[in-house]
Each structure stands twice: as structure tokens, then as C-alpha cells.
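Q: The structure that follows is given in the form of C-alpha cells.
Readers should treat all values here as calculations from the given coordinates under stated rules, not as data from a laboratory. Given the structure is predicted, the values throughout are model-derived calculations rather than measurements. Counting neighbours? That spans all protein chains shown, and the Cβs are built from the backbone with ideal geometry, glycine included.
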Amino acid sequence: MDELLHDEALLAGKTGPIYQVFGSLFIRNYRLLWLGNLLSSTAVWMEQVAAGWLMLLLSGSPFMVGLASFARGIPLLLVSPASGVLADRLDRRRLLITNQAILVTVALILAVLIATGWITPWQLLAGAVVSGITSAMLLPTRQTLVSSLVGRAHLTNAIALQSMGNSTTRILGPSLAGALIGVIGVMACYFVQAASYVSALCLTVSMRTPPNGRDAAGETMWQNLRAGFSYIRADRSVLSILIMASVTSVFAMPYTSMLPVLARDVFKVDASGLGILMTTMGVGSLVGSLALAAWTAPPRRGPMVLVSVLVLSLGTVALALADSYFTACVVMAVIGLANSFALALYNTLIQVLVPDALRGRVMSAYMMTFGLTPLGALVVGAIAEVGGAPLAIGLGGGISAVAAILVAIYFPELRALE
């Protein structure tokens, strides 16, 4: 805490565009967290390209591609509640270190299996499940740390910079994966992922974090869990944010699992083309994140959430209707921009509205919404198997847009959020 106060004192009175956009990065421990997240997220996006492409090569089935996405993401739904309780009870830095070490191990095992030619679809699915469980433990912990490392004054900027970092990795990860697959092979992607996780682990070890309040430690984990969900149920503002996030996760975001199918079967491009398609989404996300980081006094954030979700949902419909690869790339940039706005707004509002003693549990509930995407991916994969990927993607985007409007009507608290 003394180090945080020292860093904030150094930032006090600093002006100019550099401090306005990147101010939180001048806080040492947040900078280490941010860099570690950058490396880890790059590895995750590389895995998304590599695993989807490898599964398509191994099985030739769009459903199996959707199943791989399901295996990677479903632990976010099942494990996140427990991870949120642990983030409120245990040392958050040690939790990060443990889970990052597991991710290193999984990436290395898969790389060796691919290099030896022993990899099978079921081994790939098993690796996805373990990585998914580990990420479900890691993500709420990392997000909860942000507010304790930067303080309330820099929270919006810090979250926007987190989003900017994630957007950068959406450019770097898919581009690097596509290049490595094209030049060396899928195996190289997993070795580079392992190296990225090792680097992130070293940064986490160097961090110094304030102790938890540990208010949750005086109760059982079940009591902690009930207290978290009771708080969410009672606070309609927080509840509305989580429901809106669930809408996009179930209906709109499963389009990502079908990108390998779109790339190969609709736009007739290879792994490099898939990487470029995903990179354009990252470019849009980066633009949106930079805009939010520089926006010192954003307008009412509740209506901004609704607009962002509508643009995201209708963007997936436009992607399904795209008649050329170039059009699809432009649409992906728009989708990325809207998604970066929505995610940063969800995160900021939760961090601001929820007290620290409950933040880990509420943040884990937010992470659970990401775990709904694999359920949608299974349905999208099944529809794509019968009617094609464009039909499955467009149908999901249309339902997402309608559902978002209904949520905004039912929850005036969401529209009123500043």
C-alpha cells in the first residue's frame, strides 16, 4: 500500500497526453501485471488460432472445431465461482503464480505431442479442458488485483489499458500464429505459447501486491459463495451488467469458433488468412481501447453499453452476410471496436460498483459469462454442420441484438448508470 501511495504521488499533477493515456503504467506493480497479461493473452490468442486450425486438420469437422472451443471455455462457467471465492480468501499473487505454472506445463506437453506426431483430437480436447480450468482460476484473480494496485483515481484508465493490451494481443497473437503455422507448423505455436507463459510467470514473481482484506476467510467457502450471489441478486445494476454480458456471450461471441470454417470454406484462405481475419478484429479493439483510455470524462456508461452490444451483435450478422474476404476483414474491425468498448465498460462498472471484500466473487460471476460462449459454440457448430457457418453466425447475432434491447428495457438501472 505504501508503494501504491508513492506511485500515485509521483503521478499527481502530471499532465500531457502520455500521462493521460498511459498514466497507470507508471505504477510499478500494475505495469508488471499489465505486461504479464500481455504475454499471457498473446499465448491465448495463438492457441485459439492453432487449436481451431489443428482440430480442423485432424477431424475435418466444424462440430469438432466448436467442441474444441467448448472444451476450452466451459470451465469458465463451472469453475469461476470457486475461483472468485479463492481470490477473496487467499493471496492473489500466489494464485497467479500457481496457475501460470500449470499453463506452461500444458503448452509444453501439447507441443511435444504435436512434434512427435502423437497428437489426437481427444488429446487436444483434454489440453483445452485443463487450460480452461486454469484460466478460469487465473482471470478473476488478475482482474480483481487491478483496483488494489492502482487505486480508484486511476481505475478507469487501468482497465482501459488492460483492454488495450488485450486488443494488441488480438493483433499480435493471430498474426504470429498464422505466420508460424505457415512457415514452421502448429508445433511452433505451442512452444512459443510456453515461452510467453514462462515470461509472464517471471513478471508475476517480481510483483508486490497488497494483502487481501480476508473478510471472507472467517466463513466457509459455501457461505462466501452464497454471500456473493446474494449481493448480485440484490443489486440490480450489477445484475443487469452480468445479464447483458451473458447475452453477448451466448448468442454473439460464438462466431469466433466458426472463423476457421469461414476462412477455409467461405473465403477460401489458409491459416495465414485466418490470422489476418482475426488480426483486423484486434486492430478495431485496439482503436476502441485507446479511445477509452484517453477519454477522461466519458458520457453515461449505461447507454454506451447498450450501443456497444448492438453494434457487436449486428456486426456478426454483417459478417455472416459478407460476400468477400475484404468485407469480412472490415466487419471484423468494427466487431473488435464494439467488443472492446463493451468489455471495458462491463469491467469498469463492476470494479466501481462492488466493494473490495466481494469483488473477487462478483468478478468471477462476470467471468462465468465468458463460459457461456462454449455452450453457444456447440449450438453454432451443430447448426453450421447442417446449414453452414454463415447461417449459424447470423442467427446468433440477430438473437443477441433483440435480447440486448429487451434487457435494457427491463433494467432501467442499466440505462441510468453513469
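Q: Placing +1 on the Cβ of each Lys and Arg and -1 on the Cβ of each Asp and Glu in region 21-416, which of ILE335, ILE159, SER69 has its Cα farthest towards the positive end of the resulting dipole?
A: ILE159
Q: Can I ask one more? Based only on Cα atoms, what mean projected area does the convex hull of region 327-415 have, in nm²?
A: Working: hull surface 28.6 nm².
Directional mean of the projected Cα hull area for region 327-415 stands at 7.1 nm².
Q: For each of ARG264, ARG359, ARG72, count neighbouring Cβ atoms within 10 Å of the residue's Cβ, then give the residues from fewest to most.
A: ARG264, ARG359, ARG72
Q: Still on this structure: Putting +1 on Lys and Arg Cβ atoms and -1 on Asp and Glu Cβ atoms, find which of VAL106, GLY228, ILE393 reaches farthest to the positive end of the dipole of the chain.
A: It is GLY228, whose Cα lies furthest towards the positive end.
Q: Quick one: helix 325-353 against the long Cα principal axis of the chain, what's the angle to the nearest 10°, folded into 0 to 90?
A: The two axes meet at around 20 degrees.
Q: Roughly how many whole Å is it from the C-alpha centroid of region 113-181 to that of region 319-340?
A: 22 Å
Q: Still on this structure: Quote the relative contact order of the chain in percent (integer), defining contacts as alpha-carbon pairs under 8 Å separated by 6+ residues.
A: 29 percent
Q: Quick check on the exposure proxy: order CYS202, CYS329 from fewest to most C-beta atoms within 10 angstrom.
A: The most exposed by this proxy come first: CYS202, CYS329.
Q: While we're here: With +1 on each Lys and Arg Cβ and -1 on each Asp and Glu Cβ, and nothing else charged, work out how big the dipole of the chain is about its Cα centre, in Debye to the nearest 20.
A: Around 420 debye, computed over the chain.
Q: Along the principal axes of its C-alpha atoms, what lengths does region 21-416 span, in descending order and rounded to whole Å?
A: Each principal axis gives a Cα extent; for region 21-416 these are 53, 47, 39 Å.
Q: Measure nothing but the geometry: give the 0 to 90° angle between the long axis through the Cα atoms of 62-89 and the longest principal axis through the Cα atoms of the chain, rounded to 10°.
A: That helix lies at roughly 10 degrees to the long axis.
Q: Return the equivalent ellipsoid semi-axes of region 134-268 as a descending list in whole Å, where each equals the square root of 5 times an eigenvalue of the C-alpha gyration tensor.
A: Largest first, region 134-268 gives 34, 23, 15 Å.
Q: Now for a different question. What's the exposure ranking of THR120, THR316, THR209, going from fewest to most Cβ atoms within 10 Å?
A: THR120, THR209, THR316
Q: Same structure, new question: Can you give me the distance in nm between label points at ALA115 and LYS268, each placed 7 Å from the Cα along the Cα-to-Cβ direction?
A: 3.8 nm
Q: Also, I was wondering about something else. Can you find, among LEU124, LEU406, LEU149, the residue sitting farthest towards the positive end of the charge dipole of the chain, where Lys and Arg contribute +1 and Asp and Glu -1 at Cβ?
A: LEU149
Q: Between helix 28-59 and the chain, what is the angle of the helix's C-alpha long axis to the longest principal axis, kept within 0 to 90° and rounded to the nearest 10?
A: Tilt of helix 28-59: around 20 degrees.
Q: Which longest run of the chain has no exposed loop site in it, a site being chymotrypsin sites (Phe, Trp or Tyr not before Pro) in a DSSP loop with at most 16 other beta carbons within 10 Å, and the site itself not part of the run? Let's see the in-between values first.
A: Numbers: sites that count: TRP118, TRP295.
Maximal segment without exposed cleavage sites: 119-294.
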